[in-house]
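Shown next, in structure tokens, is the structure this report addresses.
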Amino acid sequence: MRIDLILKERRTLSFEVFPPKQEHDEDLSGIRGTLAALTAESPDFVSVTYGAGGHNRPRALEIAEIVLSLKMTPLSHLTAVGYTKEDTERVTHTLADLGVENLLALRGDVPADMKFPQDPWIDFRYALDLVNFLRASGTPGFCLGGAAYPEKHAESDAPERDVEVMLNKERAGVSFFITQLFFDNEIFFRFRDRCRSVGVQSPIIVGIMPIFRARQIRRIVEISSCSVPEQLEVILARYADDPASMEDAGADYAASQIAELWRRGVDGVHLYTMNKSRQVLDIVARSGLRKKRLR
């Protein structure tokens, strides 16, 4: 089902998974088990990412098939980096043939350790270029989503510029947005106000990154330039060498974030699962979102 149609009916709960490394899950039975477990929450959609520069794209396609086989709605990522127009047409037709109706159009980043045979930006420099091509090229009529940055894109010169880009994406055909992770809800609400004040009308789904390991979050924060509020800094410092307690405290922090966001009327919650179903289902339960969605 198209995500824009779902969002017209209700607020959404969704999850993101990624293709596991070949040596860890050669036949994808592990990720199949993760996805099967996540069906317990009847997610409105499941996004399927892939490695930088197109790495793992074939396995991402396989995972989209698994999502469909489990009667869930897939949202397939599509990046500008490393892709030509011909590549994009081929991939989108393959996805359409599988039954995928939703794409998340992203710029992507050039990995420091990856070399391309040609300019990685040969046909698309920004996500907006990709969106314009998809709408103009006659490729199958997907529902398109885009990325949003509550704290400013790492390469942006100002938060206002990010909101302007969102407005341009919306005008080009993007019908919903999913945010990058953030750990301070007030940052998101101020961001949402900025978006609405300049005319962005599309639903903005909040992306929530659960904290499973302190070192992992430190690395993600460094890459994303996301800020860490004092309350979370205390948790990371206290449980840095106690993985079990860190996971428990991290689950409580994410659940608290989600509960407040839902109470204050966000359009949807999107959990970056890191392919961990048990922990994510626990967070949904702690947040009280399960009971609220059943009303």
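The figures follow:
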| read-out | value |
| --- | --- |
| Difference of contour (0.36 nm per residue) and Cα-Cα distance, Ala136 to Ile187 | 14.9 nm |
| Packing-based order for 93-106, 242-255, using average beta carbon neighbours within 10 Å, highest first | 93-106, 242-255 |
| Gained length - Ser42 relative to Ser197, 0.36 nm times residue gap less alpha-carbon distance | 52.5 nm |
| Within-13-Å neighbourhood charge of Ala158 [Cβ basis; K, R +1; D, E -1] | -3 |
| Gyration tensor verdict on the range 194-295 (Cα atoms; rounded if a/c is under 1.5, prolate if a/b is larger than b/c, oblate otherwise) | oblate |
| Neighbourhood charge, 10 Å Cβ-Cβ cut-off, centred on Tyr50 and excluding it, Lys, Arg +1 and Asp, Glu -1 | +2 |
| Global size of the chain as Cα Rg and Dmax, reported in angstrom | 18.4, 54 |
| Cleavage-rule hits (GluC sites (Glu not before Pro)) in the range 3-44: DSSP loop, at most 11 neighbouring Cβ within 10 angstrom | Glu23, Glu26 |
| For the range 97-244, alpha-carbon Rg over 2.2 N^0.38 Å | 1.19 |
| Rg to Rh quotient for the range 149-226, alpha carbon positions, Kirkwood Rh | 0.99 |
| Neighbourhood charge, 11 Å Cβ-Cβ cut-off, centred on Ile178 and excluding it, Lys, Arg +1 and Asp, Glu -1 | -2 |
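The numbers here are math on the coordinates, done by the rules we state, and not lab data. The model shown is predicted, which means the values in this text are computed figures rather than measured ones. Here the Cβ is made from the backbone with ideal geometry for all residues, glycine too, and neighbour counts use every protein chain on show.
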